[in-house]
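Novice: One structure, pasted below without further comment.
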Amino acid sequence: MNGIEINGTTGLLGLLGNPVEHSVSPVLHASLVKKHNDNYAYLAFRVEQEQLKAAVEGAYALGAKGLNVTVPYKKEVMQYLCEIDEKAELLGAVNTLVRTEHGYKGYNTDMPGLYRAMRYDGVSLEGQNVVVIGAGGVANAVLGMLFEAKVKKILILNRTKEKAVQLAERFQRVYADREIVVKTASYEEDYPAVMDEMSQDAAGTGHIAQAGYFGGEKKKDWLAIQATSVGMSTKTDEAAIGESAFYDRIACGYDLIFNPYETKFMKLVKEHGGKSYNGLRMLLFQGIYAYELWNDISIPDEWAADVLQQMKEAMGITKA
Ligand code: ATR
């Protein structure tokens, strides 16, 4: 336990969601509190849906400085806030509430959290070709990040094509000024051919592009971001996509799942010669961003490794 000593001036931070019992956020934030020598207690609150409004108002009345919001309330909580940050509004989801004079202001730190996690892992996005698997809430945050990061080309691959098309159209409308090529495909289509066609002209300029050719024919120059729930909990031996034709083209695969620590998707990426990462550092950096917002500070990346270690210990992860 890296507990703090609670006294009469201990401030309150917390997490609203349902369920929250397995959340690692309390460990993450307790670690930041300790490192920054602050005096806060961060607690996880399991909130029933009909109590969400009362929970937000109650936390405000009790003086809570900041809150995180997790599944299933990232959208629903927005109606109870006094203000919403522009980027969070665009994504239609809020995961961080910051206390203001009139109520809480909502932010989304998932999106910049993923960007910072990738930078931390040495994965560059600028000028890159990126394939996103999935078109749900998580993919929505990924798309926002990719448009902000000025990637070159995006392919959204989803079981249901219609959802991928809707997602693509929404972001292309909002970011009409960006020269980013966006295509969509379902798993049934010949998406490897689409990938080849997209990477043929002017390959990305990111470090992945320099990885060169694979097997002398297919270009292994794609970054893949796995944003579906397939591979989690009871389905740990499954991946949304199993085809070698897909993984042959992937130089780097980022799964946003972190439990299990190594997913089937990550294993497939590795087996086909690519590098793979899980979503634990996205979780870490969304938390670091939230903590920075609550306290108006900057947390050095050097702290990240220690905080990550605490999170891993709490989750019983022994791997590097
Ligand atoms: P989240 O907020 O976690 O993204 P979501 O909005 O329900 O959750 O989206 C889940 C994503 O996982 C979707 O892209 C979904 O595909 P569909 O749009 O076709 O539903 C994808 N997904 C879920 N189960 C899947 C499965 N068994 N195989 C492939 N994709 C799956």
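Novice: Under 30 Å from N108 (Cβ atoms), away from the ligand (no atom under 16 Å from the Cβ), modelled with pLDDT of 95 or more and not in a strand (DSSP E or B) - does that describe any residue in the range 268-278?
Specialist: If we filter the range 268-278 for residues that are under 30 Å from N108 (Cβ atoms), which is where we start, we get 268-269, 274-278.
Going one step further and asking which of them are away from the ligand (no atom under 16 Å from the Cβ), we end up with 269, 274-277.
This time we only want the ones that are modelled with pLDDT of 95 or more, so: 269, 274-277.
If we keep only those that are not in a strand (DSSP E or B) too, we end up with 269, 274.
Yes; the residues of the range 268-278 include at least one that is under 30 Å from N108 (Cβ atoms), away from the ligand (no atom under 16 Å from the Cβ), modelled with pLDDT of 95 or more and not in a strand (DSSP E or B).
Novice: Given the structure, is A193 within 16 Å of the ligand (Cβ to nearest atom), surrounded by fewer than 23 Cβ atoms within 10 Å (Cβ to Cβ) and not in a strand (DSSP E or B)? Talk me through it step by step, then tell me what you get.
Specialist: On the way: within 16 Å of the ligand (Cβ to nearest atom): no; surrounded by fewer than 23 Cβ atoms within 10 Å (Cβ to Cβ): yes; not in a strand (DSSP E or B): yes.
The answer is no for A193.
Novice: Given the conditions (1) outside any loop (DSSP other than H, G, I, E, B); (2) surrounded by fewer than 17 Cβ atoms within 10 Å (Cβ to Cβ); (3) within 16 Å of the ligand (Cβ to nearest atom), report the number of the one that D237 does not fulfil.
Specialist: Going through (1) outside any loop (DSSP other than H, G, I, E, B); (2) surrounded by fewer than 17 Cβ atoms within 10 Å (Cβ to Cβ); (3) within 16 Å of the ligand (Cβ to nearest atom) one by one, D237 breaks only (1).
Novice: For the range 154-174, give me the residue count where each residue is under 19 Å from A239 (Cβ atoms), polar (S, T, N, Q) and either away from the ligand (no atom under 14 Å from the Cβ) or buried (at least 16 other Cβ atoms within 10 Å of the Cβ) (or both).
Specialist: So the answer is 1.
The values are calculated or read from the model by the stated rules, or taken from the named source; none is laboratory data. Computed from a predicted model, the values in this text were never measured in an experiment. Note that each Cβ is placed from the backbone with ideal geometry, even for glycine, and that neighbours are counted across all protein chains shown.
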